[in-house]
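Chemist: Below is the structure I would like to discuss, written out as structure tokens.
The values are calculated or read from the model by the stated rules, or taken from the named source; none is laboratory data. What you see is a predicted model; the values in this text were computed from it and never measured. Ideal geometry is used to build each Cβ from the backbone, glycine not excepted, and the neighbour counts take in all protein chains shown. Calculation scope for accessible area: heavy atoms of the full protein, side chains included, ligands and nucleic acids excluded. Shrake-Rupley method; radii C 1.70, N 1.55, O 1.52, S 1.80 Å.
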Amino acid sequence: MSTETILPIETAAKRPQLAHLSAQLEALRIGGTYFKLRVLDDQQAPLCHYDGREVINLASNNYLGLCNDERLREAAIAATKKYGVGSGAVRTIAGTMRIHMELEEKIAAFKGVEACVVFQSGFAANAGTVSSILGKEDFILSDELNHASIIDGARLSRAKIKVFRHKDVAHAEELLKEVENEPGRKLVITDGVFSMDGDIGPVDQLADLCEKYGAIMMVDDAHASGVLGRNGRGSVDHFGCTQKVDVQVGTLSKAIGALGGYVCGSRDLIDYLYHRARPFLFSTSHPPSVAASCIAAFDILASEPERIERLWSNTRYFQQQLTNAGFNIGGVNTPKSETPITPIIIGEGRKTMDFSRALFEQGLMATGIAFPTVPESKARVRCIMTSEHTRPQIDKALEILTATAKRMDLLS
């Protein structure tokens with residue numbers, strides 16, 4: 001029997017080494033932006049239970065309802081029975097299963113590219129790719145509102161980073177001209193859909209710039225996958241730029257309904273990432289159940305375009321009703337949403353978090369987002385519509401939003 005002494009919780013908590021974290025948490029409490037994780041008690045669905053309370057769910061990335069699709073469940077169960085619950089190793093040692101290769105081949109065919117590699121998350125896909133294909137002698141030109149995983153990957157690459165104003169193609173060209181004659185490669189990166197405002201990146205125009213200046217073009221299509229393009233092929237397909245975009249990043253964790261990220265491109269790009277992308281090299285591969293679920297999801301995307309049609313019909317209705325009610329959903333000192341991501345701009349962080357909590361008490365799950373995720377004056381409640389919300393659920397959500405906002409003097 002072990003004789004190791006285990007400190008009581010209250011004793012361990014008094015150690016001073018991490019006192020600075022306690023101080024910062026207290027500052028969040030004072031500022032009104034401290035939060036506790038809400039716990040989902042059942043399925044990620046339009047109507048579900050968080051912390052024991054039934055709520056209409058406007059906070060999920062489950063755009064097409066595939067998290068709960070019976071065909072994905074059956075695929076996951078069958079794969080678990082056949083292959084077990086885990087792969088047991090990283091991909092480059094002993095953890096590449098036939099089902100992993102089938103998934104990569106499926107995604108590459110869906111995207112119309114030569115090859116694909118799957119990562120453990122979308123964050124890992126972005127950070128691992130940017131940091132491995134560039135070095136300190138190279139340049140990265142990045143939209144100022146790009147996702148944190150792109151920013152972290154750029155920093156890890158040690159390349160020289162230049163940030164262009166949001167969706168400002170002319171500014172991006174100015175920066176490309178500045179570095180045109182500098183040694184090193186140049187990479188231009190944009191989100192296909194920006195996750196906080198829901199606007200669409202100028203993928204086609206930036207791709208033309210890259211053609212003009214010989215730069216590498218990269219698009220993060222996490223929130224565009226399953227939403228834009230033919231059968232949800234993303235913003236690159238939406239703009240008809242597949243042949244001009246060198247690196248396409250996508251996610252398996254949102255519209256696809258499961259877990260993971262992927263990178264699509266040339267065979268050489270993918271083979272290089274097999275050899276040099278650190279998240280790929282040093283992380284155990286997906287459980288076979290996840291790979292099987294994703295394969296089933298791509299089959300559904302290819303065969304059921306009506307899911308995406310429902311998503312857009314719900315989105316147009318929801319956004320129009322919010323506008324009619326007087327909510328600021330972008331376009332007033334912020335980008336205007338063009339996708340199912342619908343921010344309700346409140347401005348001040350404390351008011352935003354209080355509004356989100358009040359909505360939850362009334363039966364609506366809509367997450368408040370404040371600094372540092374968004375600028376100090378741009379705090380918002382971010383709502384996301386799905387294909388599976390019913391019209392009565394949407395109307396009830398609108399009723400709760402409007403009544404609560406008026407009661408809190410957030411809406412005249």
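Chemist: Hey, can you tell me all the residues within the range 334-355 that are acidic (Asp, Glu) and either crowded, with 24+ Cβ neighbours inside 10 Å or more than 21 Å from ARG38 (Cα to Cα) (or both)? It would help to see each step written out before you state the result.
Modeler: If we filter the range 334-355 for residues that are acidic (Asp, Glu), which is where we start, we get 338, 348, 354.
Answer for the range 334-355, where residues must be acidic (Asp, Glu) and either crowded, with 24+ Cβ neighbours inside 10 Å or more than 21 Å from ARG38 (Cα to Cα) (or both): GLU338, GLU348.
Chemist: Scan the range 59-84 residue by residue and report those that are over 13 Å from SER387 (Cβ atoms), in a loop (DSSP other than H, G, I, E, B) and either modelled with pLDDT under 95 or within 26 Å of the chain's Cα centre (by Cα) (or both). Show your work before the answer.
Modeler: So the first thing to find is which residues in the range 59-84 are over 13 Å from SER387 (Cβ atoms), and the list is 59, 70-84.
Filter once more, so that each one left must be in a loop (DSSP other than H, G, I, E, B): 59, 84.
Across the range 59-84, the qualifying residue is only ALA59.
Chemist: Residues of the range 230-240 being open to solvent by 10 Å² or more (accessible area, probe 1.4 Å) and assigned to a loop (DSSP other than H, G, I, E, B), which ones? If you could, list the steps in order and put the result at the bottom.
Modeler: Step one: of the range 230-240, the residues open to solvent by 10 Å² or more (accessible area, probe 1.4 Å) are 230-231, 233, 237-240.
If the condition is that a residue be open to solvent by 10 Å² or more (accessible area, probe 1.4 Å) and assigned to a loop (DSSP other than H, G, I, E, B), then ARG233, PHE239, GLY240 are the ones that fit.
Chemist: Among the numbered criteria (1) farther than 24 Å from PHE194 by Cβ; (2) in contact with a strand residue (DSSP E or B) (Cβ under 8 Å, 6 or more places away or on another chain); (3) hydrophobic (A, V, I, L, M, F, W, C), which single criterion is violated by VAL381?
Modeler: The single condition VAL381 does not satisfy is (1).
Chemist: Anything in the range 356-385 that is surrounded by 24 or more Cβ atoms within 10 Å (Cβ to Cβ) and either small (Gly, Ala, Ser) or in a helix (DSSP H, G or I) (or both)? List them, or say none.
Modeler: The answer is SER356, LEU359, ALA366, GLY368, ALA370, ALA379.
Chemist: Part of a helix (DSSP H, G or I) and among the basic types (Lys, Arg) - does that describe any residue in the range 332-345? Can you show your working first?
Modeler: We begin by selecting, within the range 332-345, every residue part of a helix (DSSP H, G or I); these are none.
So far as the range 332-345 goes, no, none of its residues is part of a helix (DSSP H, G or I) and among the basic types (Lys, Arg).
Chemist: Name the pairs: first residue in the range 18-37 and open to solvent by 100 Å² or more (accessible area, probe 1.4 Å), second residue part of a helix (DSSP H, G or I), Cβ to Cβ under 7 Å, at least 6 apart or on different chains?
Modeler: PHE35/MET353
Chemist: Separate question: Restricting the range 209-229 to residues that are open to solvent by 10 Å² or more (accessible area, probe 1.4 Å), outside any loop (DSSP other than H, G, I, E, B) and not acidic (Asp, Glu), which is nearest to PHE298 (Cα to Cα)?
Modeler: Here the residue is ILE216.
Chemist: Here is a list of conditions, (1) at pLDDT below 95; (2) out of contact with any helix residue (DSSP H, G or I) (no Cβ under 6 Å at 6 or more places or on another chain), and THR352 meets all of them except one; can you say which number that is?
Modeler: If we test THR352 against (1) at pLDDT below 95; (2) out of contact with any helix residue (DSSP H, G or I) (no Cβ under 6 Å at 6 or more places or on another chain), just (1) comes out false.
Chemist: So, one more: Starting from the range 80-92, keep only residues that are in contact (Cβ under 8 Å) with a residue 40 or more places away in the chain and closer than 10 Å to SER283 by Cβ, then list their pairs with residues that are of a type outside the set (Phe, Trp, Tyr) and not in a helix (DSSP H, G or I) whose Cβ atoms are within a distance under 7 Å, requiring at least 6 positions of separation or different chains.
Modeler: Final answer for the pair search is VAL90/SER283; VAL90/THR284; VAL90/SER285; ARG91/SER285.
Chemist: Going through ALA291, ALA297 one at a time, which residue ends up being touching a residue at least 60 places away in the same chain (Cβ under 8 Å), more than 30 Å from ASP204 (Cβ to Cβ) and buried (at least 24 other Cβ atoms within 10 Å of the Cβ)?
Modeler: Numbers: ALA297 fails: more than 30 Å from ASP204 (Cβ to Cβ).
Of the residues listed, the single one that is touching a residue at least 60 places away in the same chain (Cβ under 8 Å), more than 30 Å from ASP204 (Cβ to Cβ) and buried (at least 24 other Cβ atoms within 10 Å of the Cβ) is ALA291.
Chemist: Right, next: Based on this model, can you work out whether LYS254 counts as assigned to a helix (DSSP H, G or I) and either farther than 21 Å from ARG307 by Cβ or modelled with pLDDT of 95 or more (or both)?
Modeler: Values: assigned to a helix (DSSP H, G or I): no; either farther than 21 Å from ARG307 by Cβ or modelled with pLDDT of 95 or more (or both): yes.
When the stated conditions are applied, LYS254 does not pass them.
Chemist: Kindly state which strands (runs of 3 or more DSSP E) lie completely within the range 120-208 and contain at least 2 residues that are open to solvent by 40 Å² or more (accessible area, probe 1.4 Å).
Modeler: On the way: elements: 139-143, 160-164, 186-191.
Here the list reads 160-164.
Chemist: Going residue by residue through the range 317-331, is there one that turns out to be open to solvent by less than 20 Å² (accessible area, probe 1.4 Å), modelled with pLDDT of 95 or more and touching a His at 6+ places or on another chain (Cβ under 9 Å)?
Modeler: yes
Chemist: Which count do you get for residues in the range 95-108 that are in contact with a helix residue (DSSP H, G or I) (Cβ under 9 Å, 6 or more places away or on another chain) and surrounded by 16 or more Cβ atoms within 10 Å (Cβ to Cβ)?
Modeler: Of the residues in that region, 8 qualify.
Chemist: Continuing with the same structure: Scan the range 109-119 residue by residue and report those that are crowded, with 20+ Cβ neighbours inside 10 Å and of a type outside the set (Phe, Trp, Tyr).
Modeler: Step one: filter the range 109-119 for residues crowded, with 20+ Cβ neighbours inside 10 Å, giving 110-111, 113, 115-119.
Matches in the range 109-119: LYS111, VAL113, ALA115, CYS116, VAL117, VAL118.
Chemist: Residue by residue through the range 60-94, note down the ones that are under 30 Å from THR339 (Cα atoms) and open to solvent by 30 Å² or more (accessible area, probe 1.4 Å).
Modeler: Passing the criteria: ASN61, CYS67, ASN68, GLU70, ARG71, ARG73.
Chemist: Can you pull out every residue in the range 300-311 that is part of a helix (DSSP H, G or I) and open to solvent by less than 50 Å² (accessible area, probe 1.4 Å)? Break it down stepwise before answering.
Modeler: Narrowing the range 300-311 to residues part of a helix (DSSP H, G or I): 300-303, 306-311.
Selection gives ILE300, LEU301, ARG307, ILE308, LEU311.
Chemist: Still on this model: Look through the range 386-412, keep the residues that are assigned to a helix (DSSP H, G or I) and hydroxyl-bearing (Ser, Thr, Tyr), and return whichever of them is least open to solvent (accessible area, probe 1.4 Å). Lay out the reasoning, then the answer.
Modeler: In the first step, residues of the range 386-412 are kept if they are assigned to a helix (DSSP H, G or I); the result is 391-407.
Adding the requirement that they be hydroxyl-bearing (Ser, Thr, Tyr) leaves 402, 404.
Values: THR402: 32, THR404: 2 Å².
Here the answer is THR404.
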